[in-house]
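The values are calculated or read from the model by the stated rules, or taken from the named source; none is laboratory data. Note that the coordinates shown come from a computational prediction; the quantities given were computed from them, not determined experimentally. So basically every Cβ, Gly included, is an ideal-geometry build from the backbone, and we count neighbours across all protein chains shown.
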Amino acid sequence: MKPRRRAERIVAVAAVTSILWAVTATTVVPWCSITVSTDEGLRDAVETMPPGSTICLQPGAYEAGFTVRQSVTIRGVGAAGEVVLRAGGEPDTPVIDLQPLYRETMLVRLENLTVTGASGGEGYGEQRGDHGLFVDRDVHLLLRNVICSGNGGAGVYLEEEATLNAYECTFSDAMYGVLLAGRCAARLVECTVSETVMGVGVPEGGQLYLADCTISGNTEYGALLVGGQAMIDRCEFADNAWGLVIGAPYGLPASLEMIDSTVAGSEHVGVALLSSSCLDSGPPEGAAALVSGEWNSIPGPEVEGGNAGGALCPAWPDPLWPEEFLRD
């Protein structure tokens, strides 16, 4: 590996993508404006506290199913598993619906929580109430030490122009771990996405950054990038049906920067182009994409624990793959 080139490449990508992140990991809200311990207390605080308040929750299980319409921090007192937010009794309602009033920009922080119980209807998580967290446009969501598990649709569903920053979070047991349904942006750092159908989905040209994440045990794709931009740094994709699939159908440009990451144990191909020549279904002519990166470990079936359908599709040394994309 060439450390200098790798550092330059990361700095360049960071400079280009820095405008995506409306919230940062260093922003800390250390106090509690109010501490609650009941369902009624939580709902009342969400509805009546002024914008920018911090609502702290004592350990326990709370019935959620409410809508947040202004900037707020909701913080569990204790570990994520000790404060549980469950879907409420209203149909077609997410565990938390983040929907700004009058389309004003809204910043929401959720910390030390478990989000679970969105029912999920028929189809592929198409109803608002299927999702753990529904993030409407103009919402900037920061998650820290949050578990989104046991939701029928997506753990987190992002609408057009929403952003997500997630740190040390878990997304599991759902149709999708994180779904970017539009030209929105998500940044996941030290997160785990597992035991879903599609770990991370970017079906409509969003922007994705993954660093130090584990994407494992997903029954279709570890990650699917259809158009848009993705940077993947020091991540592990393990035991997914397809590790990572990228393509640019319908005229959507797609680019992938992948550095120092591992893709192994896939039932099919480790990293594949979205095309009928690589997948059972896909655009017949292949979907063009721009791929860059280096120092990735993506073994084929000849290596124990490798990807059963091959390391890459189209196979190495197709011009799609940079010369230094794989480790020697």
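Summary table below
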| quantity | calculated |
| --- | --- |
| Selection status of V139, of a type in the set (V, I, T), touching a residue at least 24 places away in the same chain (Cβ under 8 Å) and closer than 24 Å to T35 by Cβ | no |
| Subset of the range 214-231 that is among the β-branched types (V, I, T) and free of Cβ contacts under 8 Å to residues at least 40 places away in the same chain - its residue that is surrounded by the most Cβ atoms within 10 Å (Cβ to Cβ) | I215 |
| Residue match in the range 101-110 (condition: of a type in the set (K, R), more than 19 Å from H140 (Cβ to Cβ) and buried (at least 16 other Cβ atoms within 10 Å of the Cβ)) | no |
| Residue pairs meeting the criteria (Cβ under 6 Å; at least 6 apart or on separate chains; first in a loop (DSSP other than H, G, I, E, B), in the range 61-85; second among the β-branched types (V, I, T)) | A64/V95; A64/I96; G65/T93 |
| Spans of strands (runs of 3 or more DSSP E) in the range 143-188 with at least 2 residues among the basic types (K, R) and surrounded by 24 or more Cβ atoms within 10 Å (Cβ to Cβ) | none |
| Out of W295, W316, sole residue that is of a type in the set (F, W, Y), over 22 Å from G228 (Cα atoms) and at pLDDT below 95 | W316 |
| Residue within the range 132-142 that is part of a strand (DSSP E or B) and surrounded by fewer than 23 Cβ atoms within 10 Å (Cβ to Cβ) present | yes |
